[in-house]
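The values are calculated or read from the model by the stated rules, or taken from the named source; none is laboratory data. Bear in mind that the values here come from a model prediction, so they are computed numbers and not experimental data. Cβ coordinates were reconstructed from backbone atoms using ideal geometry, including for glycine residues, and neighbour counts include every protein chain displayed. The accessibility values were calculated without ligands, DNA or RNA, using every heavy atom of the protein model including side chains. Shrake-Rupley method; radii C 1.70, N 1.55, O 1.52, S 1.80 Å.
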Amino acid sequence: MRSPLAWLVLSLCVVAGCTRAPAPAVSTFDPDSIPDAFAVASGALWQAGTTRAYLLEPSGDLYNGSWRVRVAASANGALAERPQRFASEERWLPVVHWRRHDGPVDWDFSAVAISQSSPADSALLVSLEVRASNRSSQLAHARLALSFENAGEHPPFLVPDVDSFPYGLPGWAPGASPALGWADGARGAVASAVWELPPAGTKVARFLLPAYPMRAKTLARLARRTHAQRLVDARRSATDELARGTAFELGDADTERALRAACRVLLAARTRRGDSWLPSGGPFQYRDTWLRDGARQIAALAVAGFTAESRQLARGLFVYQWPDGPFVSQRGQLDGTGQALWAIAQAELRPAPDSGATRATDAALLAAGWLRRCRALGQTSGWPLARLLPFGDPRDNERVRAQLLGNDAWMIAGLEAGERLARAAQRGADAEALAALRALHGGEFTRALARSAHSDIPPSWQGVGDDWGNLASVWPCRAVPADDPRAARLLRRVWGRSGGAGLTTFGSRDSLHGYVGADLGTWALLAGRPEQADSVLAALLHWRDAGGGGAELFSRDGGFGDNLPPHPTSAAALVMLVRNMLIYDDADSLHLTLGARSGWWTGGRVRRAPTRWGLIELSFACTPISADWNWTAVGVPTVLHLPPHTHLVVTPDAPLRASADGRAVVVPPGIGSARVVLAPDVQVARSAR
């Protein structure tokens, strides 16, 4: 119950600017029409390089890790309902909309995050507009109030970012400086507006919400640029930013928008540490650098055409290399060495190596020395697994202390990456040394796997733990061949547990993981099982929120608990899988349309795609009787994979040749176009009748 004095304070805080001339026409964007796979509505307002972000909470409030902005909206005394969706325009642009109802009045919210540099830090600012519209034929009494409160004892972030306000939270500018927000005419603890809305009447209020307290004069200056102008700026900036990367033109709006949303997440999930840029675990969940996640983010940015950002992040990883060689970001996670080297090579070798390959080669040699010492120390014990990497407790999703198979698989990937980097740096002797160590450790890995009592590829050499690093052993680690029967049995086991192809479970059968099983999608491509790869893509496309972001861990009914979306590694999984379905360059040959969906063959195109042999352009199309490809010729063989459910009718003309199974065409180096004659598979043709 508020005291009379409190009500007086509220009445004095009416936002004078809210009753000015009508704002521009109401947007036709309906946030509640945008799909959202999750049970709880949430949204993110964030930017690259900013240490805080605003979480849009299910209640309709905003929370930045230090304080909460309470948003109270009512009409004729009835409080507005919670939002159903926090939706980005086109499900990828950085402009977020949501809607609340309370009888006769629709409350439409739109917000955009703005990055503002300050001497102390990179400060984020949110421009928020609230529009109240009377849908009834009667006069409606509407009230809007925004206030601040401390985070409380149980904040939604796993790692909250708390300020200390010993004398209470500051209020609105200009009454407070520094202030927690700005609204025209507001001062004190609450910014409020009371409106009488005639039938079809509309009123608009605008607010600025910094992520850190900000000087009143600075907020007033920033408010001179209108909300509409801020939205135009944000749309243009996001569009221009993505235009620098690879363009995917597939005739598939859902996939194309999902790729744009994923790239936006990857570009935003970057933080500064001194002069370095580092990958970030996301805006909310743990806001830290984990090599497990950062490596995937770097690789996805590399293949998506964001070479500068990818290399910035890759070079930031050197801070995690210890003087004796390993890369460690989190205690007990010995897979970080291989992951870091793999990520650095992914960035430095596309679309062409530069001077960074020399420093990366030095890092790989230092890591190789650490591995040799581990192997030598283990060899003194004389037991069979001693030359593999030692026991570790990653305190993560494996949930076990053991010799994790994934540590060795990633080490093999890191040594291969080091060899490629050394060759790019024209250091042949170093490349040969790294290749020899890879062969030695890879042989130990293969023999240990053959001796394993486990029928497939176990999580650890002791056979215990949850599946994690072992799921990456075929790809991207390339430690196990794609046609190895153990890999097929692993896929059957993990997908059988989850109820079918797509994502994998974690812990209980009710929990799904948003990215760890996506590596099996690329394995399916390499094993000639494009339908199973397609099921992984379908799952990644489905499990996204209305902003286009995926989560890390969630239940089958869509709940995600503290694992707040968007998660950059889920975004990376989507980008990497689609890119591998179209352009795969991790082998010694360039593979095209390895898993392109049937709908993409109406005239798909990929532009500005970086590969290990330079930037390429690709276009492909098919008719019922033929398939055509045009691409930038490269200096290695190109393997063209046929459209789904088709096979070659006649042997292609030389110098082209058919693959052994008739499902692909091998093209010699230097050629950039091909046409082949096709026929549908018999079983498909029969089922169509």
Fill in the blank from the handout: Two pseudo-spin positions, 7 Å from Cα along C-beta at A453 and at S381, lie apart in nanometres by 1.8 nm
Handout entry: Debye, to nearest 20: dipole size of region 502-639, +1 on Lys, Arg Cβ, -1 on Asp, Glu Cβ
Key = 280 debye
Handout entry: Förster-model FRET efficiency, 30 Å R0, A633 and A247, C-beta, rounded to 0.05
Key = 0.90
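Ordered by packing density, taken as the mean number of other Cβ atoms within 10 Å over each peptide's residues, highest first, how do 394-406, 512-524 rank? Mind dumping the intermediate values first?
Numbers: 394-406: 21.5, 512-524: 26.8.
Final packing ranking: 512-524, 394-406.
Once R0 is set to 51 Å, what does the formula 1/(1 + (r/R0)^6) return for the Cβ-Cβ distance between R401 and D240, expressed as a FRET efficiency to the nearest 0.05?
The calculated FRET efficiency here is 0.60.
Rank by packing, highest mean first: peptides 327-337, 250-260, 292-302, with packing defined as the count of other Cβ atoms within 10 Å averaged across residues.
Details: 327-337: 21.8, 250-260: 18.5, 292-302: 28.4.
Per-residue mean Cβ counts within 10 Å order the peptides as 292-302, 327-337, 250-260.
What is the packing order of peptides 539-546, 98-105, taking the mean over residues of other C-beta atoms within 10 Å and listing the highest first?
Working: 539-546: 23.2, 98-105: 20.6.
So the order, starting with the most tightly packed, is 539-546, 98-105.
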Fill in the blank from the handout: Once both label points are put 7 Å beyond Cα along the C-beta direction, the R135-A439 separation in nm becomes 7.2 nm
Fill in the blank from the handout: Checked against the positive end of the charge dipole of the chain (+1 on Cβ of Lys and Arg, -1 on Cβ of Asp and Glu, about the Cα centre), the farthest of W46, A448, S589 is W46
Practice task
List, in order, the whole-Hz ³J(HN,Hα) value for each residue of region 180-192 obtained from phi through the Karplus relation with A = 6.51, B = -1.76, C = 1.60 and θ = phi - 60°; use x for Gly and Pro.
Solution key: 9, x, 9, 8, 4, x, 7, 7, x, 8, 9, 9, 9
Problem - Kirkwood Rh and Cα Rg combined as Rg over Rh, evaluated for region 301-395 - result: 1.05
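Residues of the chain: accessible area per residue at 1.4 Å, in Å²?
On the way: 26870 Å² over 689 residues.
Each residue of the chain exposes 39 Å² on average to a 1.4 Å probe.
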Fill in the blank from the handout: Once the dipole of the chain is set up from charges on Cβ (+1 Lys and Arg, -1 Asp and Glu), the residue from the list P35, S310, P485 lying farthest towards its positive end is S310
Exercise for the section: Would you kindly state how much longer the chain becomes between V682 and D161 on full extension, computed as 0.36 nm times their sequence separation minus their alpha carbon distance, in nm to one decimal? Expected result: 181.5 nm
